[in-house]
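What follows draws every value from the coordinates through simple rules; no lab data is involved. What you see is a predicted model; the values in this text were computed from it and never measured. Cβ coordinates were reconstructed from backbone atoms using ideal geometry, including for glycine residues, and neighbour counts include every protein chain displayed.
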């Protein structure tokens with residue numbers, strides 16, 4: 001875990017600190033950045049054997065694509081794709097550099113999956129979603145006329161995750177994501193269709209506490225708790 005987190009930090013520093021303007025890099029500079037990323041991968045990433053990754057072939061394939069890239073955006077997308085191919089939730093490019101701004105968001109509600117159903121677990125008090133009548137426990141059946149399961153299957157490949165189960169979990173959390181201030185029509189099992197609005201809302205934040213106490217006979221007691229909640233801004 002420690003090595004994976006170091007890898008993630010290195011990738012962010014290498015990639016996101018290289019300039020904020022489109023096409024700021026020359027072709028030679030893109031090659032230099034690519035080599036630096038590869039060196040970091042080879043030094044810090046520990047799971048090639050466990051995941052059956054032929055890193056040498058991956059590097060050769062992406063070296064060709066980097067040479068053919070014509071813009072910085074194409075180049076950074078390639079770096080993201082290369083790291084995503086590891087299927088490792090701790091190793092990824094978080095965002096393309098630049099003043100792209102936040103353009104997508106979620107209605108201020110949280111979703112969970114339980115026994116094959118997608119349910120509302122929380123609605124932010126005073127939000128548009130609450131005013132529209134969305135309540136915890138309501139079951140989603142469609143999004144903009146498409147079955148919920150169809151949307152989940154479409155979203156899953158877009159997330160970097162070590163397992164398909166975790167990719168599905170992320171897809172459920174971001175099921176209603178879309179352009180800020182745009183509407184989304186959500187169908188519920190009770191027959192209602194409610195129009196919600198995409199906002200600046202993050203579905204999860206963590207507030208963790210670890211408690212440790214010494215017990216008799218040289219044993220230790222270790223407990224961890226985490227409060228998970230949505231956050232808007």
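Going from the fewest other Cβ atoms within 10 Å to the most, the residues 152, 118 appear in the order 152, 118. With a Förster radius of 41 Å applied to the C-beta separation of residue 50 and residue 194, the computed FRET efficiency comes to 0.35.
Under the simplified labelling scheme, the residue 38-residue 135 pair shows an inter-label distance of 6.0 nm, with each label point 7 Å from Cα along Cα→Cβ. Counting neighbouring Cβ atoms within 10 Å and putting the fewest first, the residues 49, 87 line up as 49, 87. Compared with the alpha-carbon gap, the fully stretched path from residue 158 to residue 31 is longer by 43.1 nm at 0.36 nm per residue. Residue order for 109, 53, fewest other beta carbons within 10 angstrom first, comes to 53, 109. Across the stretch 104-200, C-alpha contacts under 8 Å between residues 6 or more apart give a mean separation that, scaled by the residue count, equals a relative contact order of 36 percent.
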